[in-house]
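Working notes, beginning with the structure itself.
The values are calculated or read from the model by the stated rules, or taken from the named source; none is laboratory data. No experiment lies behind these values; they were computed from the predicted model shown. Positions of Cβ are backbone-derived with ideal geometry, glycine not excepted, and every protein chain shown enters the neighbour counts.
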Amino acid sequence: MGIIEYEIEEIRKLCENTVPNSKIIACLCGDSPLVRVDIHDNSLHRQLTVCLRFPPEYPNDSILVELKSRTLSLKFLDSLARLCEKHARQHLGKPQGLHVLRFVQQYIHENPLCVCFDEIQELRRDLSANATPDLLKLKQRHSIVQLTAKGGEYYYKLNAYIPNEYPKQGVQLQQQESNLPPILVRYLNGQSCEIARQCVEPPLRVDKNDQAAFQPVPSLYRALKFCLEATSDFDVELCPICDKKVLPKEPSQLELDDTKDAFVERVYCGHLFHQGCLKHYLQQPPFPKSGKLCPAKRRHPRSDAKFYVGSASGRQPTVSADTGGRCSIRLAHDRWVVNVKLAESRWAQKQARERELQEVLDFLK
Ligand SMILES: [Zn+2]
Ligand SMILES: [Zn+2]
């Protein structure tokens, strides 16, 4: 029996007992000997097939490793195959097959984040312009990706836990720390979870056929990219009324008292306002019957209206011709309901007082 036949016999006898969660698919001797083994790791998506071939100079040359998977990305499999061959070279001159199989099993067991390898690469690419390595940390042992999104001096840090059934089950997000105003932190928390949910649950408003045809998509990148973009935009966003930056440059200067003019509000259309500017605007005419409209020059890219007013197909609501390219979504906020009648009568009272004052002034002349 040749050295290769002997090794294949060894693998046939020992593989399933010594490599956890492995299953032999083929052990072929003959002209082109090969071994094919399935390995999985308690997860639908952490599974792959290892194919081992023996080069003519084997075992003085390293064993050839080919990895296939219906779930793991090609880029990940390529990188892992290279690691395997490097590992095999440590055992030149001796049998390498079982070493490689154990190495693969251990690798996918210890690196649960391999199921979102491509998404992590994409996040790294998005971060690369201003990235220090601590903005994206991988905690493989806990299956957690930790991201810190930044905008100027502001940051928003969150943990993204990748569950066993990922991507069928969505990423689970948990905010860690932030120095943004609480209203924006709540928005980031809520909206990022909503994006992750929409990746794995069909929309309620579509018909039964569309619901049945719904396929979950990976949610990590989509949810985290949203946090990155929104956090970086908050820092440069201008108040649509005074045209100045809505957040102070220094987070220590943030107004946390919600009765003060500099307190920041986020309204339904997505725009951020200084509370003082917004109040002043709401108290000025005109008072259209349908309510005051947002005066910002364009629609906000992350308007809530996009999610809730938009059609089921996910198209953005079209801006009607008479808005002149403005945001023009009705100003609404759960903290204060804009009552047009009240604003109108207050305005009339104020005008009346000013008229009286003018009459007094005229009288005194
Ligand atoms: Zn303002
Ligand atoms: Zn607006």
*Of the conditions (1) surrounded by fewer than 16 Cβ atoms within 10 Å (Cβ to Cβ); (2) away from ligand 1 (no atom under 15 Å from the Cβ), Ser232 clears all except one; give me its number.*
(1)
_Flag if Lys244 is in contact with a strand residue (DSSP E or B) (Cβ under 8 Å, 6 or more places away or on another chain), assigned by TED's automatic domain parsing to the domain that holds Tyr268 and more than 16 Å from ligand 2 (Cβ to nearest atom)_ = yes
_Lys297, sole failed condition from (1) touching a residue at least 40 places away in the same chain (Cβ under 8 Å); (2) closer than 23 Å to Trp347 by Cα; (3) within 14 Å of ligand 2 (Cβ to nearest atom)_ = (2)
*Matching residues, region 120-166, being over 15 Å from the mean Cα position of the chain (by Cα) and in contact (Cβ under 8 Å) with a residue 40 or more places away in the chain*: Gly151, Gly152, Glu153, Tyr154, Tyr155, Asn164, Glu165
_Just checking, does region 60-81 include any residue being hydrophobic (A, V, I, L, M, F, W, C), in contact (Cβ under 8 Å) with a residue 40 or more places away in the chain and surrounded by fewer than 20 Cβ atoms within 10 Å (Cβ to Cβ)?_
no
*What is the residue count in region 139-157 for residues that are part of a strand (DSSP E or B) and loosely packed, with under 15 Cβ neighbours inside 10 Å?*
1
*Condition met for Cys269 (buried (at least 19 other Cβ atoms within 10 Å of the Cβ), modelled with pLDDT under 90 and touching a Cys at 6+ places or on another chain (Cβ under 9 Å))*: yes
